[in-house]
Structures are given as C-alpha cells and as structure tokens.
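The values are calculated or read from the model by the stated rules, or taken from the named source; none is laboratory data. A quick note: this is a predicted structure, and the numbers were derived from the prediction, not measured. Here Cβ is always computed from backbone atoms with ideal geometry, including for glycine, and neighbour counts include all displayed protein chains.
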Amino acid sequence: MAIKVTHDLHKRRFGRNLGVGLLLAGFVAIVFGLTIAKVTSGDFQMKPATSSAGQN
Amino acid sequence: MSDASINASTLREDEAGFGDYFALLKPRVMSLVVFTALVGLLAAPTPVHPMVGFCAILFIAIGGGASGALNMWWDADIDRVMKRTRGRPIPAGKVEAGEAMVLGLALSGFAVIMLALATNILAGAFLAFTIFFYVVIYTMWLKRATPQNIVIGGAAGAFPPVIGWIAATGDMAIEPWLMFALTFMWTPPHFWALALFMRSDYDDAGVPMLTVTHGRPATRTHILVYTALLALLAVGAAFSGLGGPVYLAVALVMNALFLRGAWRISRRDETASEADNFRAERSFFKLSLLYLFLHFGAILAEAVLKPFGLGGW
C-alpha cells in the first residue's frame with residue numbers, strides 16, 4: 001500500500017490519538033473535580049482528637 | 001518521502017478508528033444503563049453531591065460498556081453469523097478480538113476501582129459482580145446452554161439502578177430491588193419479541209433461544225405469561241416507596257397497552273405474522289422500549305417532586 005503524506009490512515013490515527021488525549025484530559029478534570037467535591041463536602045475531615053487535658 | 005513510524009507490511013486499509021473502539025462498549029445499551037442507574041441514584045433518599053453523582057453514573061456506564069466489550073470478544077464467532085450483529089467491530093474486521101478483551105478487562109478494573117473511590121466500596125463490589133454476572137454467567141455460560149438464557153441473563157441489565165441507589169446511600173433497601181425486578185421481568189418479553197421477528201438469526205448461530213428450542217407458539221405464550229406477571233409487579237410497585245400518582249397513572253396505561261400487545265402476539269400464528277411482516281411483534285418490541293423508559297421516568301418524576309410535597313403518596 002502506497003503511503004502518501006496525508007493518507008487516510010494518518011487521519012484515522014490522528015483521530016484515535018486525539019480521542020485518547022481528550023479522554024486523559026477528561027480523566028484529570030474528573031479526578032480534580034471529585035477531589036474538590038469530596039474536600040469541600042467534608043468527606044475527608046478528620047475526627048477531632050480527644051483532648052488529653054481532660055483525662056489528667 | 002518515507003515515514004519511519006509506519007511499517008508498510010503491517011498496514012491495514014480498514015484500521016480501526018476511535019469510533020470503532022467506542023462501538024465495542026455498546027453505546028445503546030450504555031444509554032439504558034445510564035438512565036436506570038441515574039433513576040436509582042436520584043430516587044435514593046440520601047442527597048448526593050452533583051459531582052459525585054456524575055462520577056458514579058459515568059463509572060457505572062463505563063463498567064457496563066466494559067462488559068459489552070468482553071461480550072463482543074467472547075461472542076465474536078456467533079456475531080459473525082447473525083445479521084443483527086454482523087456489523088459489529090470484530091466481525092467487521094476492524095478490531096481484533098484480543099483488543100476487545102484487553103479493553104474490556106482494563107475498563108472493568110478502572111470502572112470498579114473508580115466507583116468504589118468516588119462513592120463507596122459496596123457500590124464498587126456490586127458493579128464488579130454485575131460485570132462478572134454478564135460476562136461469565138450470561139455470556140460464557142447460560143447464553144449457549146439454556147433457553148432460559150434471557151431470563152437469567154436479564155438480571156445483569158437490571159443491576160444498574162441498584163448500583164445507583166447504593167452509590168447514593170451506601171446501603172440496601174427494598175426500593176432498588178423493585179426497580180431491579182421491573183427490568184428483570186421486562187427483559188424476557190422484550191427479547192422474545194425480537195427473537196420472533198429476527199427469525200433465523202439465533203437459529204443460524206446455534207443460540208438456544210426459546211424460539212429455537214421450544215418453538216414459536218410456545219414463545220408467544222411465554223411472552224403473554226411474563227407480561228402478565230410484569231404487569232402485576234409494575235402496578236404493585238406504585239404502592240411502594242417508589243410510587244405515587246404519576247407512577248400509578250403511567251403503570252396503568254402502559255401495562256394495559258403492553259398486555260394488549262402480548263395478547264395479540266399470543267393469538268397470532270406464523271402465517272398471520274408473515275403476512276404483515278411481524279407487525280404486531282415489531283410494535284410490541286418498540287412499545288417495550290417506551291414501557292421501560294416511562295416507568296423509570298415516572299419513578300424519577302416522583303423522586304424529583306417529593307421535595308415540593310408533590311411526589312409519592
């Protein structure tokens with residue numbers, strides 16, 4: 001198969017690479033958004049430590 | 001000019017594009033999964049952060065898509081034979097069966113882990129079980145072994161609202177299992193109607209559909225019996241925590257229409273069906289899609305109206 005500079009194959013591969021790139025960017029955005037949502041809604045809040053002063 | 005990155009001997013004119021890999025995830029089935037899981041999530045009594053809810057639905061959809069890719073990998077041989085599935089990426093020669101397997105396995109692991117991290121471990125475990133059920137129990141075992149394949153296999157498609165509910169609450173309740181039962185009971189009449197008018201497809205592929213093993217008249221009777229049981233369940237669910245006036249109205253109308261369709265199918269013979277190119281069977285199949293959509297839509301409407309004091313009883 002003769003390969004030209006702008007063969008249809010290149011377009012298809014570019015489309016595939018672009019798709020994967022966009023998916024990866026989307027995944028980064030989702031993890032970021034999820035982290036913000038979890039942090040702001042208090043999901044990762046530590047329970048307050050019991051005061052040692054009261055036990056003495 | 002030469003391109004060092006391309007080896008001419010391995011080039012294929014029909015090399016897969018991005019869309020071919022996406023098609024492995026069965027986007028149409030995925031849309032049903034997204035919708036029913038969303039209803040399960042929103043009908044749950046625990047409010048969910050929109051971002052967490054979005055992620056939950058996304059990962060459930062990816063898990064559903066992954067099981068679709070694994071199904072296409074395993075069933076590539078029968079997909080090649082059936083008219084309905086001949087255009088799928090593997091039988092069409094665009095994607096290798098092994099690629100579908102790797103994509104399916106990778107996305108399954110990804111979806112389960114991400115759902116567990118985004119919501120809770122129980123939801124992740126249920127998604128993993130659903131994928132296992134669809135791929136191993138249904139695709140690899142039951143589909144080619146028993147005419148009840150659709151009945152038991154229907155459970156896999158019925159899990160998404162349960163997963164959605166668990167993602168929101170982290171707990172079990174009776175309501176998500178009612179949604180499960182609704183989809184579970186709906187699946188056999190839906191697929192048997194398809195099997196009636198797709199005629200020789202399953203026969204050619206050697207899949208023991210009811211139409212092949214027990215004959216077409218028996219399939220017609222089965223459709224009627226399952227539709228009657230489904231109607232009892234669907235109308236009965238109106239008086240559960242999911243129901244309300246909107247749901248009851250939808251259930252009464254849709255089940256009356258569905259029963260009428262099933263009755264017509266049961267009264268017809270092959271000569272009558274062939275004379276009008278399976279008109280009653282085709283319209284019953286179309287109605288079944290609307291049936292499920294409207295039932296879940298009504299459950300969603302009841303849940304959305306509740307905060308305004310309108311939904312539910």
Legend entry - Tabulated pairs, the range B:75-89, first assigned by TED's automatic domain parsing to the domain that holds B:T139, second in a loop (DSSP other than H, G, I, E, B), C-beta under 6 angstrom, 6+ apart or interchain: B:A76/B:I90; B:D79/B:R88; B:D79/B:P91; B:R80/B:P91; B:P89/B:L24; B:P89/B:V95
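Return yes when A:F27 is assigned to a helix (DSSP H, G or I), within 12 Å of chain B (Cβ to nearest Cβ), farther than 29 Å from B:M51 by Cβ and at pLDDT 75 or above and no when it is not. Show your work before the answer.
Details: assigned to a helix (DSSP H, G or I): yes; within 12 Å of chain B (Cβ to nearest Cβ): yes; farther than 29 Å from B:M51 by Cβ: no; at pLDDT 75 or above: yes.
The answer is no for A:F27.
Just to check your reading of the model, which residue among B:A61, B:A37, B:A66 is at pLDDT 95 or above, touching a Ser or Thr at 6+ places or on another chain (Cβ under 8 Å) and outside any loop (DSSP other than H, G, I, E, B)? Let's see the steps before the verdict.
On the way: B:A61 fails: touching a Ser or Thr at 6+ places or on another chain (Cβ under 8 Å); B:A37 fails: touching a Ser or Thr at 6+ places or on another chain (Cβ under 8 Å).
Of the residues listed, the single one that is at pLDDT 95 or above, touching a Ser or Thr at 6+ places or on another chain (Cβ under 8 Å) and outside any loop (DSSP other than H, G, I, E, B) is B:A66.
So is B:E270 more than 17 Å from B:L232 (Cβ to Cβ) and either crowded, with 21+ Cβ neighbours inside 10 Å or without any contact (Cβ under 8 Å) to a residue 40 or more places away in the chain (or both) or not?
Considered against the rule, which asks whether it is more than 17 Å from B:L232 (Cβ to Cβ) and either crowded, with 21+ Cβ neighbours inside 10 Å or without any contact (Cβ under 8 Å) to a residue 40 or more places away in the chain (or both), B:E270 comes out as no.
Is it the case that some residue within the range B:240-249 is under 20 Å from B:P189 (Cα atoms) and part of a helix (DSSP H, G or I)?
Pass one, the range B:240-249, residues under 20 Å from B:P189 (Cα atoms): none.
No, that holds for no residue.
Can you confirm whether the range B:210-219 contains a residue that is in the same structural domain as B:L257 (by TED's automatic domain parsing), farther than 15 Å from B:Q148 by Cα and either among the aromatic types (F, W, Y) or modelled with pLDDT of 85 or more (or both)?
Here is the first cut: in the range B:210-219, the ones in the same structural domain as B:L257 (by TED's automatic domain parsing) are B:210-219.
Narrowing further to those that are farther than 15 Å from B:Q148 by Cα: B:217.
Those still in the list that are either among the aromatic types (F, W, Y) or modelled with pLDDT of 85 or more (or both) too: B:217.
Yes, because at least one residue in the range B:210-219 is in the same structural domain as B:L257 (by TED's automatic domain parsing), farther than 15 Å from B:Q148 by Cα and either among the aromatic types (F, W, Y) or modelled with pLDDT of 85 or more (or both).
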